[in-house]
Amino acid sequence: MPSTSQLTDLSLTAFAAALAEKTPTPGGGSLAAYVVACGAATVSMACRFTSGEKYAAVQDAMARRAAELDQLRATALGFVQADTDAYDRVTAAFGAPKSNDAEKAARSAGIQAAMKGALEVPLETMRAAAAVLAHAAACAADINPNLASDCGSGVACCLAGLEAAQANVAINAASIKDAEYVAARRAQAAELRASALAAAERARAALAAKLPA
């Protein structure tokens with residue numbers, strides 16, 4: 001979906017419609033990044049509501065955590081457009097001329113470079129999701145119980161975004177011929193997934209204790 005406008009400037013309705021179009025972009029990578037941004041937002045909201053006299057012992061730490069989550073939200077939002085731009089470069093590379101050997105070689109090199117770029121964005125989305133989940137795990141036990149469901153919703157969003165982003169890493173990796181590069185990126189994705197799942201489990205356990213039976 002090449003455009004001079006930013007996906008993040010669209011209304012929710014328009015963004016959903018763009019996802020539904022029969023076009024290569026935006027797709028799952030952009031959606032993954034947006035879901036992670038939403039997860040960061042709701043966890044930060046829960047932190048902000050953990051304030052006042054009742055939470056005096058933790059409110060300063062919660063405020064700092066909320067600010068860090070705001071930065072992660074901004075980072076993830078940036079990946080919404082970045083993912084689409086990266087895959088648009090893949091599409092453009094496939095459209096390069098291939099009428100002779102030189103053009104074929106240049107086209108192949110361009111495709112490989114573009115595929116690596118398309119892989120890097122969802123990998124960074126995974127990194128952002130893992131960071132949000134680490135914050136959630138660290139603060140869940142102290143969160144205002146009235147915000148337990150909101151914080152849990154943020155955790156769920158980040159898990160969904162993480163899964164979607166990893167799927168995009170995997171599918172892009174399958175088209176890359178540089179085996180060393182692919183192995184390194186797959187290992188990074190696996191490490192991010194493992195740490196994120198562990199953090200999510202800790203956060204959910206602490207939040208479950210705050211929810212009504």
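Every read-out reported here was derived from the displayed coordinates using simple, explicitly stated rules and does not represent laboratory data. Please read all numbers here as calculations on a predicted model, not as lab measurements. Please note: Cβ atoms are built from the backbone with ideal geometry, for glycine as well, and neighbour counts cover all protein chains shown.
Table for the structure above
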| read-out | value |
| --- | --- |
| Filtered GluC sites (Glu not before Pro), segment 1-73: DSSP coil and at most 15 other beta carbons within 10 Å | Glu21 |
| Contact order relative to length of the chain, as percent, for alpha carbon pairs under 8 angstrom and 6 or more apart | 28 |
| For segment 79-133, convex hull volume per residue from C-alpha positions, Å³ | 43 |
| Helix runs (DSSP H) in the chain reaching 20 Å along axis by Cα, Kyte-Doolittle at least -0.5 | 28-48, 59-94, 101-139, 148-173, 179-208 |
| Alpha-carbon centroids, segment 60-114 and segment 34-56: separation in whole Å | 29 |
| Residue exposure sequence - Asp101, Asp83 - by fewest surrounding Cβ within 10 Å | Asp101, Asp83 |
| Share of pairwise Cα separations in segment 139-213, more than 21 Å, in percent | 41 |
| Net charge of neighbours whose Cβ lies under 13 Å from the Cβ of Tyr34, counting Lys and Arg as +1 and Asp and Glu as -1 | -1 |
| GNM result for the chain, Cα springs below 10 Å: residue of Gly28, Gly161, Gly110 fluctuating most strongly | Gly110 |
| Fewest-first ranking of Arg185, Arg107, using other Cβ atoms within 10 Å as the exposure measure | Arg107, Arg185 |
| Listed residues Gln166, Gln112, Gln81, most fluctuating in the chain (Gaussian network, C-alpha, under 10 Å) | Gln112 |
| Fewest-first sequence of Glu124, Glu201 by Cβ atoms within 10 Å of each Cβ | Glu201, Glu124 |
| Ellipsoid equivalent to segment 1-140 - semi-axes via the Cα gyration tensor, in Å | 40, 16, 9 |
| Tail fraction, Cα-Cα pairs, segment 77-213, threshold 18 Å, whole percent | 61 |
| Cα-projected label distance for Asp178 with Thr13, points at 7 Å along beta-carbon direction, nm | 4.4 |
